[in-house]
Amino acid sequence: MRLVLVLAVLLAAEAAKVLKDPSEMALVLDEDEFEAYLDEWLEQEQSKLPQAPPYSRGCTFKINGDLGQPQPVYLRFDSIGRVHRYLAAEGNIGQIHVNHKEPVVIACPEQVIQNVATTREVATAICENNNLVSGAGWLNGNRAFGELTCSAHLRPVIYDPNRSCWNGHSVILVGYNVTGIFYQLYGACFDQNLMQSLYVWYDQTPAHAVHQTRVPRPSTWQPETFFPGVNLNTLYTQASQRNVLGGHVGQELAGRYITRTNQRFLAKGHLAAKSDFVFASAQRATFFYINAAPQWQCINAGNWNRLEQKLRARIAAAGYNTVIYTGTYGVVKLPDQNNRLVDIFLSQRQVPVPLYFYKVAYEESSQRGTAFITINNPHLPLAEAVRIADEICEDQCRRNSDFDWLTWEPDRVEIGYSFCCTVDDFRSSIPHLPRFQTIGLLY
Ligand SMILES: *[C@@H]1O[C@H](CO)[C@@H](O)[C@H](O)[C@H]1NC(C)=O
Ligand SMILES: *[C@@H]1O[C@H](CO)[C@@H](O)[C@H](O)[C@H]1NC(C)=O
């Protein structure tokens, strides 16, 4: 029945040729429905972007149009001929440019490349022109880049670099291995005792303005080895949430806290968003439980989603090269039958429901950064939200025209009361991030 509603909304939009801003759907659609809607909406927004004139020489691959799925990993060589990094778009209009006769590695680790003359797991394609590549010994003649797909969706790998982050917690990296070398997409600082990522980090540049749309989600989220004895697939169901919470605050109150109406239930809140990554292969690597934390769906689809969208667009428009640290802090407390505040976890005493979700955007070259924070509790009275925001820092965004691009509704507790801090101020309350210096706000 819900699906019918979504289809009706999409069909109506199709007819009108314009989709409502996703923020208007925050209190209507659930997790999966919202993600599907967001994808349609982002596709609509991307179609409004200017199209650059094509280069007269070399190859141009459009992020939406010239990339096939199941998608290989694409790697580029450095100036002395070593494979060294993922292929990336240039500018902010969703196009990859490769020079005439430049080689690009096409890799399907543990699978084989499709539509080729000779079976290969990894091969080097040579740019001919437009969207065409050649491959001596494995391709007959030229082929469209997008026809080089993998025999199945690739499995991203988790890599333990044996490195620690804040307070002795462990760094975990996520990426792909190609011919025995690991290529990172994002990293996490993980607290194994609480089973919670303190933060994840990844790059955001203007190229992230346009991501590949119509990328199917993997069928399940992966716990890997990080959640022993805990079944997150079950714990994230609304029935389990009511049940576990009921053990702490009583079943009757739990039934009032966790409701489908107004999307007041805990969703798998992506830390690094699916749409923060350009390529299908990278987007699919976001579905690890170390990259999620319990977030009220009304907030996930509310101010948190606006922050994700607006910050990405701002980085693209301003030409910033940033690292984004997305993390969580604190534990949500809800009153029990005796009006005592109780810490809320997804399981008995593990996987806390964080009180704060934050994004710190930092640009190394300018040494500027800003911390954006959303309070993850739609049940708080406004005065209480204001009070616990003030405990973290002095807000920098309200009545500051430098942040006019951030069109969230920061005073609405039911979609996530929100505020911003200088990085120094943020650190004095939330000390988790690695050291870096800032000389001012990034806006
Ligand atoms: C991890 O690093 C520590 C030192 O930081 C070292 O003692 C240990 O042997 C390393 N473990 C592995 C598996 O490399
Ligand atoms: C990935 O590559 C790294 C070396 O860069 C290696 O240590 C690791 O075992 C590989 N992981 C998998 C799953 O193949």
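The values are calculated or read from the model by the stated rules, or taken from the named source; none is laboratory data. Predicted model, so just to flag it, every value in this text is computed and none were measured. We place every Cβ from the backbone using ideal geometry, glycine too, and count neighbours over all the protein chains shown.
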Query raised in the report: Which condition does N162 not pass, out of (1) buried (at least 17 other Cβ atoms within 10 Å of the Cβ); (2) over 19 Å from the mean Cα position of the chain (by Cα); (3) not hydroxyl-bearing (S, T, Y), if it passes all the others?
Result: (1)
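For the stretch 191-232, what are the residues that are part of a strand (DSSP E or B) and closer than 29 Å to Q95 by Cα? Don't jump to the end; show me each part of the working.
Let us first name the residues in the stretch 191-232 that are part of a strand (DSSP E or B), namely 191, 196-204, 222.
Within the stretch 191-232, V200, W201, Y202, D203, Q204 meet the criteria.
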Query raised in the report: Just one of Q263, Q222, Q184 is within 16 Å of ligand 2 (Cβ to nearest atom), in the same structural domain as T328 (by TED's automatic domain parsing), polar (S, T, N, Q) and touching a helix residue (DSSP H, G or I) at 6+ places or on another chain (Cβ under 7 Å); which is it?
Result: Q222
Requested in this report: Kindly indicate which of V105, V157, V122 is touching a strand residue (DSSP E or B) at 6+ places or on another chain (Cβ under 6 Å), β-branched (V, I, T), within 16 Å of ligand 2 (Cβ to nearest atom) and over 19 Å from F77 (Cα atoms).
Outcome: V157
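Yes or no, residue by residue, for (1) surrounded by 17 or more Cβ atoms within 10 Å (Cβ to Cβ); (2) in contact with a strand residue (DSSP E or B) (Cβ under 9 Å, 6 or more places away or on another chain); (3) aliphatic (A, V, I, L, M):
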position: E45; (1), (2), (3): no, no, no
position: K48; (1), (2), (3): no, no, no
position: R76; (1), (2), (3): no, yes, no
position: G81; (1), (2), (3): no, yes, no
position: C127; (1), (2), (3): yes, yes, no
position: N131; (1), (2), (3): yes, yes, no
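Restricting to the stretch 313-326, what's the tally of residues that are surrounded by 23 or more Cβ atoms within 10 Å (Cβ to Cβ) and either out of contact with any Phe, Trp or Tyr (no Cβ under 9 Å at 6 or more places or on another chain) or not assigned by TED's automatic domain parsing to the domain that holds K268 (or both)?
Matching residues across the stretch 313-326 total 1.
Does the stretch 225-238 include one or more residues that are within 16 Å of ligand 2 (Cβ to nearest atom) and either surrounded by fewer than 21 Cβ atoms within 10 Å (Cβ to Cβ) or hydrophobic (A, V, I, L, M, F, W, C) (or both)?
For the stretch 225-238, residues within 16 Å of ligand 2 (Cβ to nearest atom) and either surrounded by fewer than 21 Cβ atoms within 10 Å (Cβ to Cβ) or hydrophobic (A, V, I, L, M, F, W, C) (or both): present.
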Report task. Report yes if T213 is within 16 Å of ligand 2 (Cβ to nearest atom) and modelled with pLDDT under 95, otherwise no. Result -> no
**Report entry** Checking D66 against (1) part of a strand (DSSP E or B); (2) at pLDDT 90 or above; (3) of a type outside the set (F, W, Y); (4) over 22 Å from the mean Cα position of the chain (by Cα), the condition it does not meet
**Finding:** (1)
Query - Complete set of residues in the stretch 302-334 that are assigned to a strand (DSSP E or B) and either touching a helix residue (DSSP H, G or I) at 6+ places or on another chain (Cβ under 7 Å) or modelled with pLDDT under 95 (or both) - result: T322, L334
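Just to check your reading of the model, which residue among V386, V413, V360 is over 20 Å from Q196 (Cα atoms), touching a helix residue (DSSP H, G or I) at 6+ places or on another chain (Cβ under 7 Å) and not charged (D, E, K, R)? First the steps, then the outcome.
Details: V386 fails: touching a helix residue (DSSP H, G or I) at 6+ places or on another chain (Cβ under 7 Å); V360 fails: over 20 Å from Q196 (Cα atoms).
The unique qualifying residue is V413.
Quick test for you: out of R214, R260, pick the one residue that is closer than 21 Å to D39 by Cβ, surrounded by fewer than 15 Cβ atoms within 10 Å (Cβ to Cβ) and basic (K, R).
On the way: R260 fails: closer than 21 Å to D39 by Cβ.
R214 is the lone residue from the list that is closer than 21 Å to D39 by Cβ, surrounded by fewer than 15 Cβ atoms within 10 Å (Cβ to Cβ) and basic (K, R).
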Requested in this report: Hey, could you check the stretch 370-406 for residues that are exposed (fewer than 12 other Cβ atoms within 10 Å of the Cβ) and touching a residue at least 24 places away in the same chain (Cβ under 8 Å) and say which is farthest from L334 (Cα to Cα)?
Outcome: E394
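This table checks each residue for (1) more than 16 Å from ligand 2 (Cβ to nearest atom); (2) at pLDDT 95 or above; (3) over 23 Å from the mean Cα position of the chain (by Cα); (4) not in a strand (DSSP E or B).
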| residue | (1), (2), (3), (4) |
| --- | --- |
| G81 | yes, no, yes, yes |
| Q111 | no, yes, yes, yes |
| V116 | yes, no, yes, yes |
| V133 | yes, yes, yes, no |
| V171 | no, yes, no, no |
| V174 | no, yes, no, no |
| C189 | yes, yes, no, no |
Report task. Please tell me if N162 is modelled with pLDDT of 95 or more and either in contact with a Leu (Cβ under 8 Å, 6 or more places away or on another chain) or within 14 Å of ligand 2 (Cβ to nearest atom) (or both). Result -> yes
